[in-house]
Amino acid sequence: MTTFPSASVFFQVLINGVLLGCMYGVAAIGLSLIFGTMRIIFLAQGAVMILAAYCIYWMATLSPINPFFGFLLILPVFLGLGWIMYKGLFQKVAKAGANPSLLLAFGLMVLLEHVMSLIWSPTTRSVITSTSTSSLTLGSINISVTRLIVAAVALMATALVFLFLKKTMLGKAVRAASEDMSAAALLGISPTYVSAVTFAIGIALAGVAGVAACITYPFDPFFGFLFSLKALIAVAFGGLGSVGGPLVGGVMLGVLESMSAYTFSAGWADAVAYAAFLLILILRPEGMLGRRSIEKV
Amino acid sequence: MLQEPLKRKTHLSIALALVFFFVIYPLLVDAEASYLVFLFYTAFMYVTLSQGWNIAAGYAGQVSLGQHAFFGIGCYVTAITWRAGTAGYLDPLAMLMSGAGAAVVAIVVGLPLLAKLRGDYFALGTLGLGEILRVAALNGGSFTEGAAGISIPSDVYQSIKPYYFIALLISVLTMLSLWFIAHSRIGLALVAIREDETAASANGIPILRYKILAFTLGAFVTGLCGSLNAYFVFHIDTTGAFNLNWVIMPILMVILGGVGTFVGPVLGVFSLIAAFELIRLLTPQLHPIFSGAFIILVTLFLPDGIMSYLTGHKNRLLHKLSPFKWLALNK
């Protein structure tokens, strides 16, 4: 166990954790939205992220376009992809219950992983950006510019989803549907339409998180499952089904990971995260920020 | 649940005939060279794993995503006891200890998880359990030998036959105990918990005790499989022992066959293995892609499993084909 030698090291580790956590947070919001309306644990979230990462990798190697523009490109493409995925796959299966949906997500994950390893080969890739090596210095703390931009984009994506849910009629319908699907249907909200919209947004957020991941980390086709797990943990920290919670949950997870990687070792950081995840599930299943609800019988 | 005595007799004789076939098959062919013997061995293993998941998830409604934790514990208990010299090759005591180790962890972890968590939260909690154990084994130092894993000298291997028969025995015993549980008060209590936990508890069923029982039994047989696997692969590391395939494949097989049915998972195991092998033969390069596509197709077109087509009220396939009417199974 290592203790922090000075306050600046502590803040350095803290900031690294927060920047890492923003990325988990965006993926987690997508997962949480999908879970909120459809009660599906979308295991393929990480594979969708890596798919976005490969799209950016292709764009960056074949054209001179700056990878940062990838965010603008991925957003509409993945919105459409999510819509097609829901209409083509999940709409029918969602009626059959949670088990088949979970399995369908798993099948999709396996399919995506292997299609990606066929197209782009299983070798580890990375995307180099103009800011890959530059960093800001605040006092004695170094902040990677790439990670700072990634965190800013993550916050913007969250703000957009938040505004959509709070300020638009459709967003209100999504919130109503995640609160009580049958009551929402009684009020004239179409469950399939709302689910399709939510699913599309969830996939688009996975795309954004994928762009963020590929400009900060090297990746391979099978890297995504780890992100699915991390996003799940972030969702559990923040509370299943809520909106702002998963981002905070993601940041908490990021900080917890970088703190325990520093004090114990990188190998134990994951175990600490999972243990915290189990503890929170047992002690506060509604998440750290969630409201306690009384189960309806 | 109630079956006509005649039909029950037919089913019993089919089951006995199948077991008899599986017992004599490796004796008739050259077992070491036969790929089919190896496939049957794999199938028996998956029958046990599938029913181990099915008893908690299918009957009691407690969907676990952490079966690979129990499988991994089984692997490591066997490997560590062998390294220490306390267990021999294919030692029944070591196998029982592996199962018991998994069962103990199931009780210790199951108590808080099953008491506190329902539905998806329980599934997430068990998924976390598997990952914690994987990371713990990875960082276990000289005890688990980290990423390199524990190697068992493989020169003791003589024949696949003992593996085949042990796997067959475990799967038959698992099926038998599941049959007796499903046809007893316990089975009724488990189904009552699955259908409505609150109503079950209001009717005086000690729900936590029964959930723990189902979860622990599933963990025990999964641990046994892990132990046998350790003896078969001779090298135990974290990626092999705590592989998510050990949880996902059985779930896929049970859903393909029919969740919460007795015969369904067995049908699921054999049809999935047959389908995957066929794909592997036809397109060796593309087989993982087709496997993923196959999972998607199954969930799209057979979400309730093969059993629903055999016994369901909508599609009584076997009832329509009158020559096969006698085969139609009751749930």
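Could you grab me the full set of residues in the range A:85-102 that are more than 14 Å from residue A:39 (Cβ to Cβ), within 8 Å of chain B (Cβ to nearest Cβ) and hydrophobic (A, V, I, L, M, F, W, C)?
A:89
Just give me the residues in the range B:285-297 being part of a helix (DSSP H, G or I) and more than 8 Å from chain A (Cβ to nearest Cβ), in sequence order. Please lay out each step first, then the result.
Applying the first criterion (part of a helix (DSSP H, G or I)) to the range B:285-297 yields B:287-297.
Of everything in the range B:285-297, those that are part of a helix (DSSP H, G or I) and more than 8 Å from chain A (Cβ to nearest Cβ) turn out to be B:287, B:290, B:297.
Hey, among A:202, A:210, A:188, A:171, which residue is out of contact with any Lys or Arg (no Cβ under 7 Å at 6 or more places or on another chain), free of Cβ contacts under 8 Å to residues at least 24 places away in the same chain, open to solvent by less than 30 Å² (accessible area, probe 1.4 Å) and not basic (Lys, Arg)? Talk me through it step by step, then tell me what you get.
Numbers: A:202 fails: free of Cβ contacts under 8 Å to residues at least 24 places away in the same chain; A:210 fails: free of Cβ contacts under 8 Å to residues at least 24 places away in the same chain; A:188 fails: open to solvent by less than 30 Å² (accessible area, probe 1.4 Å).
Matching residue, one of A:202, A:210, A:188, A:171: A:171.
Restricting attention to the range A:268-281, which residues are open to solvent by 30 Å² or more (accessible area, probe 1.4 Å) and either facing another protein chain (nearest Cβ under 7 Å) or in contact (Cβ under 8 Å) with a residue 12 or more places away in the chain (or both)?
Step one: of the range A:268-281, the residues open to solvent by 30 Å² or more (accessible area, probe 1.4 Å) are A:268, A:270, A:272, A:275, A:279.
Within the range A:268-281, A:268, A:270, A:272, A:275 qualify.
Report every pair of residues separated by at least 6 positions or lying on different chains whose Cβ atoms are under 8 Å apart, first residue within the range B:229-252 and touching a residue at least 60 places away in the same chain (Cβ under 8 Å) and acidic (Asp, Glu), second open to solvent by 20 Å² or more (accessible area, probe 1.4 Å) and part of a loop (DSSP other than H, G, I, E, B).
What qualifies is B:237/B:147; B:237/B:148.
State whether the residues of the range A:102-123 include one that is under 19 Å from the mean Cα position of the chain (by Cα) and exposed (fewer than 14 other Cβ atoms within 10 Å of the Cβ).
Among the residues of the range A:102-123, not one is under 19 Å from the mean Cα position of the chain (by Cα) and exposed (fewer than 14 other Cβ atoms within 10 Å of the Cβ), which makes the answer no.
Does residue A:133 satisfy the criteria of being open to solvent by 40 Å² or more (accessible area, probe 1.4 Å), away from chain B (no Cβ under 14 Å), more than 24 Å from residue B:292 (Cα to Cα) and part of a loop (DSSP other than H, G, I, E, B)? Break it down into steps so the answer makes sense when it comes.
Numbers: open to solvent by 40 Å² or more (accessible area, probe 1.4 Å): yes; away from chain B (no Cβ under 14 Å): yes; more than 24 Å from residue B:292 (Cα to Cα): yes; part of a loop (DSSP other than H, G, I, E, B): yes.
Here the answer is yes, as residue A:133 does meet what is asked.
For the range B:77-114, what are the residues that are at pLDDT 85 or above and open to solvent by 50 Å² or more (accessible area, probe 1.4 Å)? First the steps, then the outcome.
Within the range B:77-114, the subset at pLDDT 85 or above is B:77-84, B:89-114.
Within the range B:77-114, B:83, B:84, B:89, B:92, B:93, B:96, B:97, B:104, B:107, B:108, B:111 meet the criteria.
Among the residues in the range A:46-64, are any within 17 Å of the chain's Cα centre (by Cα), under 22 Å from residue A:231 (Cα atoms) and open to solvent by 20 Å² or more (accessible area, probe 1.4 Å)?
Yes, the conditions are met somewhere in the range A:46-64.
Can you name the residue in the range B:130-154 that is facing another protein chain (nearest Cβ under 7 Å) and under 26 Å from the mean Cα position of the chain (by Cα) and is also most open to solvent (accessible area, probe 1.4 Å) among such residues? Steps first, please.
Step one: list which residues in the range B:130-154 are facing another protein chain (nearest Cβ under 7 Å), which gives B:131-132, B:135-136, B:138-139.
Now restrict to residues that are under 26 Å from the mean Cα position of the chain (by Cα): B:131-132, B:135-136, B:138.
Working: B:131: 8, B:132: 36, B:135: 5, B:136: 35, B:138: 67 Å².
The extreme case among them is B:138.
The values are calculated or read from the model by the stated rules, or taken from the named source; none is laboratory data. Small disclaimer: the values here were computed from a predicted structure and weren't measured. So basically every Cβ, Gly included, is an ideal-geometry build from the backbone, and we count neighbours across all protein chains shown. The area values use the complete protein model at the heavy-atom level, side chains included, leaving out ligands, DNA and RNA. Shrake-Rupley method; radii C 1.70, N 1.55, O 1.52, S 1.80 Å.
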